[in-house]
Amino acid sequence: MGEEEVARFLTHLARDMNVAASTQNQALSALLFLYKEVLKHEIGWLEKVERAKKPPKLPVVLSRAEVKQIFAHLKGGPKLMAGLLYGCGLRLMECVRLRVKDIDFSLGQITVRDAKGGKDRITMLPLNLAEPLRRHLFRVKAQHEQDLEDGFGSVHLPFALNRKFPNAAREWAWQYVFPSSRISLDPHSGNRQRHHIAEGILQNALKKAVHASGIVKRANCHSLRHSFATHLLQRGYDIRTVQELLGHKDVSTTMIYTHVLNKPGIGVKSPLD
């Protein structure tokens, strides 16, 4: 089999096999490994081979009624965190890494630091979350003050800021909004300190809440962010505004949420109705 025939075969393999894209690419990689590493054949025609692309999937979006059902089965910290995911459009890790200094109650906004792509962005702080969040921070501050008395109270700082501001790690402003329930050893500094809450706590709580509410959709934490974007578009907000709130680099990423505007019963009336 010549190089051109092999190239056509690999292209057919990557494009036309009725299997998942990951399976196609795995088979393609195996053949390329055979030629390059086993047969020691130089592959100068690699640019002719097409890699299978994973087809885009529509996001799982919850209705407002379904969100209320799920929230009815949440309580405490997980409920507040889920509220930030749905009410602010935060990603899961953006929520668990949130610092006290990045919540501005007076302006009603939250600053998301070092988000995906290393960018900062500003999103709204829902009025319905302001008071519960204040009460939560009151308890967290009392815990932090007790940690200071016990000789702890420091927190991990990003970008080696602990060298530039040696006392900042113990300041209230830099503490996590959702701290861990226990003191642990920081593998980087070797200090015993309180890290942020494990993301699995919210994931497990939400999974149980979805099951308890009887919702059959495969909803997870990111579904709350999907629902945030979708519900804003349904209310008529500009897609560029939604793009900024989500922190998307390109508006084409945000465009995936416009699929709800074309669903039967919203933009088009069924002939059966």
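The values are calculated or read from the model by the stated rules, or taken from the named source; none is laboratory data. Since the structure is predicted, the reported quantities are computational estimates derived from the model, not experimental observations. A quick note on method: Cβ atoms are made from the backbone with ideal geometry, for glycine too, and the neighbour counts reach across all protein chains shown.
Couple of notes before you dig in:
- Some residue of segment 79-98 being assigned by TED's automatic domain parsing to the domain that holds Ala212, more than 20 Å from the chain's Cα centre (by Cα) and of a type in the set (Lys, Arg): no
- In segment 99-121, the qualifying residues are those that are of a type in the set (Lys, Arg) and in contact with a Gly (Cβ under 9 Å, 6 or more places away or on another chain), and the one that is nearest to Leu137 (Cα to Cα) is Arg121.
- Among residues that are on the phi < 0 side of the Ramachandran plot, at pLDDT below 95 and in contact with a strand residue (DSSP E or B) (Cβ under 6 Å, 6 or more places away or on another chain), Ser270 is included.
- Residue match in segment 181-201 (condition: part of a helix (DSSP H, G or I) and over 30 Å from Phe159 (Cα atoms)): no
- Within segment 105-135, the only residue that satisfies the criterion of being touching a residue at least 60 places away in the same chain (Cβ under 8 Å), in a loop (DSSP other than H, G, I, E, B) and surrounded by 13 or more Cβ atoms within 10 Å (Cβ to Cβ) is Ala115.
- Being surrounded by fewer than 15 Cβ atoms within 10 Å (Cβ to Cβ) and either touching a Leu at 6+ places or on another chain (Cβ under 6 Å) or free of Cβ contacts under 8 Å to residues at least 24 places away in the same chain (or both) is a description that does not apply to Leu224.
- Within segment 145-180, the set of residues being outside any helix (DSSP H, G or I) and hydrophobic (A, V, I, L, M, F, W, C) comprises Phe152, Val155, Leu157, Phe165, Val177, Phe178.
- Candidate set: segment 164-182, residues that are under 23 Å from the mean Cα position of the chain (by Cα) and among the aromatic types (Phe, Trp, Tyr); chosen: the one nearest to Leu92 (Cα to Cα): Phe178
- The lone exception for Gln109 - which of (1) in contact with a Pro (Cβ under 9 Å, 6 or more places away or on another chain); (2) modelled with pLDDT of 95 or more; (3) of a type outside the set (Val, Ile, Thr) it fails: (1)
- From the options Leu137, Leu161, Leu185, residue that is aliphatic (A, V, I, L, M), assigned by TED's automatic domain parsing to the domain that holds Arg97 and within 24 Å of the chain's Cα centre (by Cα): Leu137
- Conditions (1) surrounded by fewer than 13 Cβ atoms within 10 Å (Cβ to Cβ); (2) part of a helix (DSSP H, G or I); (3) in contact (Cβ under 8 Å) with a residue 40 or more places away in the chain; number of the one not met by Ala229: (1)
- Looking across segment 173-191, the residues that are over 21 Å from Arg139 (Cα atoms) and surrounded by 13 or more Cβ atoms within 10 Å (Cβ to Cβ) come down to Asp186, Ser189, Asn191.
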